[in-house]
Every structure is written in structure tokens, then in C-alpha cells.
Amino acid sequence: MFQTTEREKETITFDVFLEMSADITYRLSGMAFDPRALLDIILHEHEPPCPEHILVQAITATRVGYGDRKRKLGPLAFLHPIRVASILTKVTRQPSTLDLLLCLLHDRDEDLTPERIGKSAKKMHRELDKLVPLLGDRAYEKLEEGIGHLTHYKDQLSYGEYLAALTQHGECRPEVLRVKLADRLDNTLDVGVGRHGIPGRGVFALIFDALFLPTYSGPHVPFRYVPLTTDEGIQLLANLFKNTEFISVLRAEGCAVEGPTARLMDALLLASRRIAGFLVQDSLAVGLDVPSHRGTIEDVREYCLSGGMGCVRSGGQHPLDGMFLERYGTSRGRRERLKAIFKDHYLLARLGLTFLGIFESYLADPDFYLQGITGNTEKKIKKGGCVPAPTA
């Protein structure tokens, strides 16, 4: 397993992400849309891997598709593909033409369908057709294949099955793994970028103080501290579940992750760890009384040491058992289930601490993964038990 340095892991920080988002938004606020300005952000002074007009055409087509539509929490949806491409360039340093085109178009068949965007779909495809003579038939075919691998056809595959298939394609098409990791990183940072969390020494200091200081009276919560909203909490939880599942599938399937792909994975793990910390701070500082802090932390510690953090469980006695299958589970009703978790401060604190342990374990141990997270987990799980890890 490829190991990166701490400096490389911190390539995409919250500050970098905020600056990137602000730059894109500012350039989009001009009187006339100019895709060359966005290409400048994507390339970060690197040489383009192909004639620039090819990437300009892809940006133009993507802009036509997204228009002025918004993401769930408010920002322009068009920021997402531009940021994904920019993230990938920052981490890989020498992305290929296919890398960048897949970043720009990876959500085409999920978010830019005629059902979602109406007449804009035809206009977008007219712009995309202009890419064919620029790329050539074979290169355009590889682009279409890559988009297909990155698309989650929800009527055909569960999310776990989709990830397993994506991982298998990634063995011979590593660009799809790179783009998916950059996509996950952007989605994760997009919700966590509001700088939540109590300013100061951080979540690990809070945990240490609660466990070891006899006079612990809780963290100091400044007036300017802004707790997570319900919508933000739901999105953060969904991202942490998805990221846990994705990394576990990659490792369970024995997928080789090295070089730029490993750096993207490390950046995703660090962002996920930070956001898990937000959930812990939010629930402990705002939702629970001080006497509950130590007991909550000790309870999760015992749960993790007894194997609860390392495998999927169902039907057990602990409130954390069944989180992946029964609380996250199928997409139908998932939002309400995640909302219920977020509203339950005791459960949220426990789940946040568990996620914190999971992502710390991912970073510390390249062989760690959550056992039972596979494409057909639902068929393998045994009530009250843990799914054995597949042979890597």
C-alpha cells in the first residue's frame, strides 16, 4: 500500500477549498460566461494535457447542462464539476485529458438527464457532440465508457454494488477511481466547509479532557459558535457513511491504490475525520450535559475495542449495532432516518466518535476496513453477528 507524507495528505485543506470555491463563484458572477477563466482555475498554472479548446468545449457543455441550478444546501451546482477537476489537478499534478473530461462530466447521466433539466439536455448534448471530432472516435468512446462506470444506476444496483463494480473497473481504468475519490472529497468538503466545530484545541483535546481531568466542566463554547443545521447534519452523516463504505470496498476488494490515487484517498480520509470531529463537538457541546460526556466516550471506547468499529453488525444490543444496514440501509426513507440520528444527541455523539475511530484507523493502518461492506452485504449479514471479511 502506497504511503504518502503528511505534507501530501494536506494538499486539499478547508482553506484551499474555500479559496477555490470563492474564485470560481467570483468568475461566474461576471457579465459574460468565459470558460477560459475556469480552465485557468482548474489547471493551477500546469500545462494542459491537450489543446485547451477541448477542455473549454467540455466546460461550455457542462455549464449549459447545469445552468443556474443549485445544490441541496444552496451553492451553484456547476461549482461541483469545476472543483472536482481542480481538486484532481492539485493532487495529481499531471492529470490526463481523460481525467479532466471525466471530472467535468462524471454526473452527466445522473444529474443532467432530460427528466432533471428538461430542454437544456438537448442543448448540452449538442455542445458535447462538438467534442467528438476534437477527440476522435476512440477517445470519445473511452470517455463515454468512463462516464458509464462512474454513474450509479439506482434502478439496477445498490450503492454497495455500484462501488464494487466501480472498484473492479478501476483495476484497469484507474482514472475512474481518481475521479470518484475527487468527487467524494468535493462532496464532503462542500458540506463541512462552513467551519463548524468549536475553535480552539479541537475534538481530541475535548475527548482527553473529558476522560482525564477530574474538574472537567465541558468545552468553552464561544458566542460565535454556529451549531450544525439539520440539513447540514443529514448531509454530513450521509457523506461519512458513503466514504466509509467506499474506502472499505476498495480495501476489501484488494484494489491497488498508489501514487495520485493514494494521495486523493488520504485527503478524503483527513476531511472525513475532521467532519466526524464536527459531529462529536456539536453533540457534546450543544446536545449533552457535561456528566454525560465521559460516559458516552467510555461507552464508545468499549464498543470499538470489542470489535464494533471493525465490522457491520445487525440486531445487537448496542445502539450502534445495525447503523449501516438498518439506519443507513436502503435509500427509501434514509433522509428521515438520518434526521432522527442527528436529532438524538446521545446517538449522534456515539456515532460521531465511532466514525472518528474508523477514519483514524484508515489513516493509521493501510489494511483496515469495515468488514461486511461489500456489494451484497445485505445478503451476507447474519442477525446479531458480524459479516466475515472477504479474502483480499
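The angle between the Cα long axis of helix 120-129 and the longest principal axis of the Cα atoms of the chain comes to about 60 degrees, rounded to the nearest 10. Amide H to amide H, with H built 1.01 Å from N, residue 96 comes under 5 Å of no residue 5 or more places away or on another chain. Note on the chain: with charges restricted to the Cβ of Lys and Arg (+1) and Asp and Glu (-1), its dipole about the Cα centre is near 900 debye. Label positions at residue 23 and residue 346, each projected 7 Å from the Cα along the C-beta direction, are separated by 4.8 nm.
Rounded to the nearest 20 debye, the dipole magnitude of the range 181-380 is 340 debye, with +1 charges on Lys and Arg beta carbons, -1 on Asp and Glu beta carbons, and the Cα centre as origin. Summing +1 for each Lys or Arg and -1 for each Asp or Glu among the other residues whose beta-carbon sits under 14 angstrom from that of residue 156 gives -3. Ranking 291, 250, 359 by how far each Cα lies toward the positive end of the dipole of the range 181-380 (charges on Cβ) leaves 291 at the top.
Mind scanning 90/242; 122/242; 130/242 and naming the pairs with a C-alpha gap bigger than 30 Å? Walk me through the intermediate numbers first.
Values: 90/242 23 Å; 122/242 32 Å; 130/242 35 Å.
From 90/242; 122/242; 130/242, over 30 Å: 122/242; 130/242.
Helical runs assigned H by DSSP (4 residues or longer) give the chain a calculated mean residue ellipticity at 222 nm of -19000 deg cm²/dmol, each run adding -39500 (n - 2.57) before division by the residue total. Counting only aspartates and glutamates at least 8 places from residue 343 when in the same chain, those with an alpha carbon closer than 14 Å to its own are 231, 232, 282.
Taking the longest Cα principal axis of the chain as reference, the axis of helix 79-92 is set at about 80 degrees. The residue list 311, 347, 328 was ranked by how far each Cα lies along the charge dipole of the range 299-350 toward its positive end, using unit charges on Cβ atoms, and 328 comes out on top. Put in line by how crowded their Cβ is, counting other Cβ atoms within 10 Å and starting with the fewest, 217, 120 read 217, 120.
Suppose every K and R has +1 on its Cβ and every D and E has -1 on its Cβ; what is the size of the dipole of the range 6-151 about the Cα centre, in Debye to the nearest 20? Write down the numbers at each step before the final one.
Working: 21 positive and 24 negative charges, 114 e Å.
Roughly 540 debye for the range 6-151.
On a 0 to 90 degree scale, rounded to 10, what angle separates helix 137-150 from the longest Cα axis of the chain? Long axis of 137-150 versus the principal axis of the chain: about 20 degrees. Restricting the calculation to Cα atoms, the range 6-151 yields a radius of gyration followed by a Dmax of 14.9, 47 Å. If you model the chain as an ellipsoid using its alpha carbon gyration tensor, with each semi-axis the square root of five times an eigenvalue, the axes come out at 37, 24, 19 Å, biggest first.
Lys and Arg at +1, Asp and Glu at -1: add these up for the other residues within a Cβ distance under 11 Å of residue 46 and post the number. Net local charge, residue 46 excluded: -1.
Among 251, 93, which comes first, then next, by fewest other beta-carbon atoms within 10 Å? Spell out each step's value before the answer.
Details: 251 23, 93 12.
Fewest to most other Cβ atoms nearby, the residues stand as 93, 251.
In the structure shown, the pairs 119/339; 70/123; 142/339 are assessed against 30 Å; a Cα-Cα span above that value is assigned to 119/339; 142/339.
Residues 62, 113, 151 in ascending order of nearby Cβ atoms (within 10 Å, fewest first): 113, 151, 62.
Coordinate-derived values only; no laboratory data. This one's a predicted model, so the numbers in the text were calculated from it and none came from an experiment. Neighbour counts run over all protein chains shown; Cβ positions are idealised from the backbone, glycine included.
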